[in-house]
Amino acid sequence: MTNKIADVLRHAKEVIDTPDKWTKDHYAVDANGRDVSIEDAVCFCLGGAIGRAGHDMGAGPRDFWIMRLSLTSAIGGSIASFNDNESTTFEDVHKALDDAITLSEERISLVEIIRGR
């Protein structure tokens, strides 16, 4: 069974694959630093990267709920507070996504075990 949640989280890492594509204090911005929709943005916060990745991959409301649950579990709190904290680095954001991917894979595996697959 393919894990759409983990795939979207992996794509979020691609959306912010370099430090210049990641931002703090804004959800999504254009090349001029203006707040824009995720469709028009070139730079994203962690939440914005998940939003863009989910949009690109056709994630539904349930998918977003599970992604956010995995990510908040990985970071121990609010996505925005984590992202915008002055001590949070680009590397911290990518590690959080890696941890959320692992958690989402573990959760999906547990569901498969319970269902007898």
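We did not get these values from a lab; they are worked out from the coordinates using the rules stated. It should be emphasised that the depicted structure is a prediction, and the values quoted were computed from it without experimental measurement. All Cβ positions, glycine included, derive from the backbone under ideal geometry; neighbour counts span all protein chains shown.
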Sparsely packed trypsin sites (Lys or Arg not before Pro) within the range 1-53, loop by DSSP, other Cβ within 10 Å at most 14: Lys24, Arg34
Between Cys43 and residues 5 or more places away or on another chain, which pairs have amide H atoms under 5 Å apart, with H built 1.01 Å from N, and which residues are they? Val29
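Rounded, prolate or oblate: which fits the range 1-103 when a ≥ b ≥ c are the square roots of the eigenvalues of the alpha-carbon gyration tensor, with rounded for a/c under 1.5 and prolate only if a/b beats b/c?
Numbers: a/c = 1.78, a/b = 1.23, b/c = 1.45.
Taking the square roots of the gyration eigenvalues as a ≥ b ≥ c, the range 1-103 is oblate.
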Given an 8 Å cut-off on Cα distances and at least 6 residues of separation, report the relative contact order of the chain as a percent. 29
For the range 48-106, which GluC sites (Glu not before Pro) pass both filters: DSSP loop (anything but H, G, I, E, B) and at most 10 other C-beta atoms within 10 Å? Glu86
Going through the DSSP H helices of the chain, which span 27 Å or more along their own axis at the Cα atoms while scoring at least -0.5 as a mean Kyte-Doolittle hydropathy? 90-115
